[in-house]
Amino acid sequence: MYKRIQGNGSITIPVMLRRSLGIKPRDTMEIISQGDGSIVIRPCTVECVFCGGTENVAVRKGVRMCLACYLKINVRKEDRNGREETGN
């Protein structure tokens, strides 16, 4: 199978191949260049670096984390700031 790279640098994975591999629109894919010049494209599971969860994961403040961990970190930060203010 041959595919041409489009003007914007993208390449389309044929629908029959996507269906047979279970790849759905908006799935995250990992792209790896091999030493022999070949490219490997495979499904990638995006995980939170803190808890390993895969729900609601996004890059927040430069770190891949889920919403739950992000909220915990912000609550602790607010709590710490509140304690500092009352201690003065």
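Reported count of residues in region 41-62, each being loosely packed, with under 10 Cβ neighbours inside 10 Å and of a type in the set (A, V, I, L, M, F, W, C), is 1. Restricting attention to region 22-68, the residues that are over 15 Å from the mean Cα position of the chain (by Cα) and more than 27 Å from GLY9 (Cα to Cα) add up to 1.
Every number here is computed from the coordinates shown, using simple stated rules; none is lab data. What you see is a predicted model; the values in this text were computed from it and never measured. Neighbour counts are summed over all protein chains in view; Cβ atoms, including those assigned to glycine, are modelled from backbone coordinates with ideal geometry.
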